[in-house]
Amino acid sequence: VLYVALGLVFGLALSRSGAADYNFIQAMFLFESFQLYGIIGTAVVLTAPGVWLVQRRGRTAFGKPVSVELKPMHRGNLVGGLLFGIGWSIAGMCPGPILVNLGEGKIYAIAALAGALVGAGAFGALYPRLQGVFRMPPLAVGPGEG
């Protein structure tokens, strides 16, 4: 219930700030408006100290142990980042705002959701072939710890 409530608050913040609005996102990518750059910068400034504290303490506010591990750098990071940015620019939304736009009743977000799901599925299916080309680490399979 807590996570659903936090997700709703986050979605509301994305919606009201314009971070899920197609026109605002296009204006950001065309360097016509810097509002979203300010929102992203504010998010980094506000969350970085919290992440630093969690890493330093080694546990969450509820006392559960936590460790933040750096992910390995490889060619796939660059290619994946470029593909993500291109998709974000074309669709005008990334994964979080897709759900916000659906919640706002914007039908075109269904196409973005379908594209994201197809892309994720294709990546999973093609991972063994891409792994050698981009020198990516083995894919972790299983329930994990979270």
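The values are calculated or read from the model by the stated rules, or taken from the named source; none is laboratory data. None of the values given here were measured: they were computed from a predicted structure. Quick reminder, even Gly has a Cβ in these numbers, built from the backbone with ideal geometry, and neighbours come from all protein chains shown. In case anyone asks, the SASA skips ligands and DNA or RNA and just uses the protein heavy atoms, side chains included. Shrake-Rupley method; radii C 1.70, N 1.55, O 1.52, S 1.80 Å.
Expressed as a whole percentage, what fraction of the accessible surface of the stretch 1-138 belongs to carbon and sulfur atoms when a 1.4 Å probe is rolled over the protein heavy atoms?
Working: 7380 of 10090 Å².
After summing per-atom areas, the C and S share lands at 73 percent.
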Once ALA122 and VAL141 are pulled to full extension, the length gained, defined as 0.36 nm per residue separation minus their Cα-Cα distance, is 5.2 nm
Simple spin-label estimate for ILE110/SER89, 7 Å along Cα→Cβ, in nm, reads 2.9 nm
Label model pair VAL79, LEU2: point-to-point distance (7 angstrom along the Cα→beta-carbon line) in nm is 4.0 nm
Projected onto the charge dipole of the chain (unit charges on the beta-carbon of Lys, Arg, Asp and Glu, signs +1, +1, -1, -1), the Cα from TYR22, GLY41, LEU102 with the largest positive-side position is that of GLY41
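How large is the charge dipole for the stretch 1-132, taken about the Cα centre, if only the Cβ atoms of Lys, Arg (+1) and Asp, Glu (-1) carry charge, to the nearest 20 debye? Can you show the working numbers first?
Values: 9 positive and 4 negative charges, 115 e Å.
The calculated dipole for the stretch 1-132 is roughly 560 debye.
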At q = 0.14, 0.15, 0.22 1/Å the base-10 log of I(q)/I(0) from the Debye formula over the alpha-carbon atoms of the chain is -0.97, -1.11, -1.34
Quick calc, ALA13 & VAL44: beta-carbon distance into FRET formula, R0 22 Å, rounding 0.05, result 0.90
Distance in Å, no decimals, from the C-alpha centre of the stretch 19-48 to the one of the stretch 92-112 is 17 Å
Any DSSP H helix in the chain with Cα axial reach of 27 Å or more and mean Kyte-Doolittle score of at least 0.5? Listed by number, the hits are 35-57, 109-134
Relative contact order as a percentage, the chain, C-alpha pairs under 8 Å and 6+ apart, gives 26 percent
